[in-house]
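The structure appears below as structure tokens.
The values are calculated or read from the model by the stated rules, or taken from the named source; none is laboratory data. Predicted model, so just to flag it, every value in this text is computed and none were measured. Quick reminder, even Gly has a Cβ in these numbers, built from the backbone with ideal geometry, and neighbours come from all protein chains shown.
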């Protein structure tokens, strides 16, 4: 299967492991990683999210964990072939039984959520077969440092239940990004961040696709070799701030410019 090329690293892909997708790119560009020293990713897939975060934080050490053996091997190859290899490790293990004395400043996950599927790959990666939300939250809460962050991307329909379970485990919501496909659509995804320490809640909105007249400007699904935009519109205290920057896209998905090959 064709590799996926970013500006600073390349991802090998496999038919047995979920490929680069919009959710992973959104979490990789958005998770709060700036001050983290130790980062854990639960369910690495190709290793995309950890590698994007490693590009954003030049000092942090990363550990990836995945129950899927093929995903673990693919992540290992992608980590080893990246310029961040000395800071990247991964293991093949069920997160429910992951035992370590280490505590992490950031735990990040694009967790399973689809209820039905046909393939074994789907059943493991996208259903609550091996790891459900409660198990993910409970285990993550016990592995965070006092000021650490637990960061996930989930469908909006799962948001209320997820936040309730997090509260049961003493995790306070500190950040919420409401993700829309287009300005006029409803919220499709949530990026939620939690901490054991109470902090002011930051809430914003991210619009994937900007519609102007009959033209759609794609932020994360560019069909051409080189496109421009990121049109992020954030709302805070009822005031909107628009930030547009240019970048080239590659393959089928585009993310903020620093990630993409020129």
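Residue-level check: of (1) surrounded by 14 or more Cβ atoms within 10 Å (Cβ to Cβ); (2) part of a strand (DSSP E or B); (3) at pLDDT below 55, residue 220 misses just (2).
Does at least one position in the stretch 12-19 carry a residue that is touching a strand residue (DSSP E or B) at 6+ places or on another chain (Cβ under 7 Å) and within 30 Å of residue 204 (Cβ to Cβ)? Among the residues of the stretch 12-19, not one is touching a strand residue (DSSP E or B) at 6+ places or on another chain (Cβ under 7 Å) and within 30 Å of residue 204 (Cβ to Cβ), which makes the answer no. Please enumerate the residues belonging to the stretch 166-180 that are under 16 Å from residue 141 (Cβ atoms) and surrounded by 18 or more Cβ atoms within 10 Å (Cβ to Cβ). 166, 171, 173, 174 - these are the residues of the stretch 166-180 that are under 16 Å from residue 141 (Cβ atoms) and surrounded by 18 or more Cβ atoms within 10 Å (Cβ to Cβ). Would you confirm whether any residue within the stretch 206-216 is assigned to a loop (DSSP other than H, G, I, E, B), at pLDDT below 55 and under 16 Å from residue 29 (Cβ atoms)? Checked against the condition, which is being assigned to a loop (DSSP other than H, G, I, E, B), at pLDDT below 55 and under 16 Å from residue 29 (Cβ atoms), the stretch 206-216 yields no hits at all. Here is a check on your reading of the model: is residue 198 assigned to a loop (DSSP other than H, G, I, E, B) and in contact with a strand residue (DSSP E or B) (Cβ under 6 Å, 6 or more places away or on another chain)? Answer is yes for this residue. Scanning the stretch 40-53 for residues that are in contact (Cβ under 8 Å) with a residue 60 or more places away in the chain and either in contact with a strand residue (DSSP E or B) (Cβ under 6 Å, 6 or more places away or on another chain) or surrounded by fewer than 19 Cβ atoms within 10 Å (Cβ to Cβ) (or both) turns up 40, 41, 42, 43, 49. Within the stretch 18-52, the set of residues being in a helix (DSSP H, G or I) and either within 18 Å of residue 145 (Cβ to Cβ) or in contact with a helix residue (DSSP H, G or I) (Cβ under 9 Å, 6 or more places away or on another chain) (or both) comprises 24, 25, 27, 28, 29, 48, 49, 50, 51, 52. Selection of the stretch 64-93 for residues being closer than 13 Å to residue 49 by Cβ and free of Cβ contacts under 8 Å to residues at least 40 places away in the same chain yields 64, 65, 66, 75, 79.
Given the condition at pLDDT 95 or above, on the phi < 0 side of the Ramachandran plot and within 19 Å of the chain's Cα centre (by Cα), answer yes or no: does some residue in the stretch 111-123 qualify? No, the stretch 111-123 has no match at all.
A quick yes/no check of all residues on (1) surrounded by fewer than 22 Cβ atoms within 10 Å (Cβ to Cβ); (2) over 15 Å from the mean Cα position of the chain (by Cα); (3) at pLDDT 95 or above; (4) within 16 Å of residue 109 (Cβ to Cβ):
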{"residue": "2", "(1), (2), (3), (4)": "yes, yes, no, no"}
{"residue": "15", "(1), (2), (3), (4)": "yes, yes, no, no"}
{"residue": "38", "(1), (2), (3), (4)": "yes, yes, yes, yes"}
{"residue": "55", "(1), (2), (3), (4)": "yes, no, no, no"}
{"residue": "68", "(1), (2), (3), (4)": "yes, yes, no, yes"}
{"residue": "73", "(1), (2), (3), (4)": "yes, yes, no, no"}
{"residue": "83", "(1), (2), (3), (4)": "yes, yes, no, no"}
